[in-house]
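Here is the structure we will look at, set down as structure tokens.
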Amino acid sequence: MTPFHFTPGSLPLLVSIPHAGTQLTPEVDAGLSEAARGLPDTDWHIPLLFDFVRDLGASVLIGHYSRFVIDLNRPPDNQPLYATATTGLFPETLFNGSPTFAPGSTPTAAQRAGYLADIWQPYHQQIQQELARLKAEHGYALLFDAHSIASEIPRLFEGRLPDLNIGTNDGKSCRAEVTQGLEAVCAAQSDYSWVVNGRFKGGYITRAYGQPAENIQAVQLELAQLNYMDETPPFAWRQERASALQKVLKPLVQRFIACGHIA
Ligand SMILES: [Zn+2]
């Protein structure tokens, strides 16, 4: 199994989808707890939901492996992403706090070092290569990191998550004009609640690669899953809800493209 699927586009935009993967290594497959077996914390169906970006001309990078093998949106040194409850590079617990692995079945340090070298590094090398190519061809690059999560996870956040959660690392991962452009798209509709730099401010990918001074603008979008799928197993895709949501997602991506050009 290759660690990712990549398709180049014609625009200066890379869409990264690190958490939709469901592939497991043999050790992780054998070791998952009963609660983890259905891969509950996957960013389900995100490649399908964002399939329209290919027609727009974006490059698309999709991770193949489950975050239960290794989390592509965490730093390689496994420093915590948030001061509040979070999950790490090799999640020991599910979002709800129950163990990811059956007792004594956690992968070994050597196996995990292999996941870092064979799964995490290639994904990040591909991001770096593609951003460099986009900058060389267009003079600037845009990175859109696409995610989703269940709308209610008491251990991670209080109450129900806003529908659209835009993260710019508190304004550090893109120019202010980009954030303002995305806010304007959100404010122009009333079907979905939204927040900028709320509970989700952007993970490692947004923070590491968003360098507005270098003409690389990065944003993360964390979507509440109930707007396009069932949040309980088997996590079915809901076409009607997804089509409605895409009517906001497409203008968001288009505005990102329009606002992201060189200042
Ligand atoms: Zn995610």
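Observations, loosely collected:
- Axis angle, to the nearest 10 degrees, between helix 121-138 and the longest C-alpha principal axis of the chain: 10 degrees.
- 19 Å reach of a label modelled at E158, 7 Å along Cα-to-Cβ, counting backbone N of segment 197-240: 197-201
- Heavy atoms of E231 accessible to a 1.4 Å probe, total area in Å² rounded to 10: 60
- Normalising the average separation of contacting C-alpha pairs (under 8 angstrom, six or more residues apart) by the number of residues puts the relative contact order of segment 4-259 at 21 percent.
- Nearest 10 degrees, 0 to 90: helix 176-187 Cα axis against the chain principal axis: 80
- Secondary-structure-derived ellipticity at 222 nm for the chain, considering helices only, amounts to -9000 deg cm²/dmol, per-run term -39500 (n - 2.57) for DSSP H runs with n ≥ 4.
- Against the main long axis of the alpha-carbon atoms of the chain, helix 239-259 sits at an angle near 50°.
- Percent of beta bridges antiparallel (DSSP, the chain, rounded to nearest 5): 35
- Protein heavy-atom surface of segment 4-259, 1.4 angstrom probe: 53% of the accessible area is carbon and sulfur, with nucleic acids and ligands not counted.
- Site pair S243 and Q23 shows an inter-label distance of 3.3 nm when each label is modelled 7 Å from Cα along Cα→Cβ.
- The distance separating the Cα centre of segment 58-80 from that of segment 179-231 comes to 18 Å.
The values are calculated or read from the model by the stated rules, or taken from the named source; none is laboratory data. Every value quoted in this text rests on a predicted model; they were computed, and no experiment measured them. Neighbour counts run over all protein chains shown; Cβ positions are idealised from the backbone, glycine included. The protein model used for the area step is the full one, side chains on, heavy atoms only, and it has no ligands, DNA or RNA in it. Shrake-Rupley method; radii C 1.70, N 1.55, O 1.52, S 1.80 Å.
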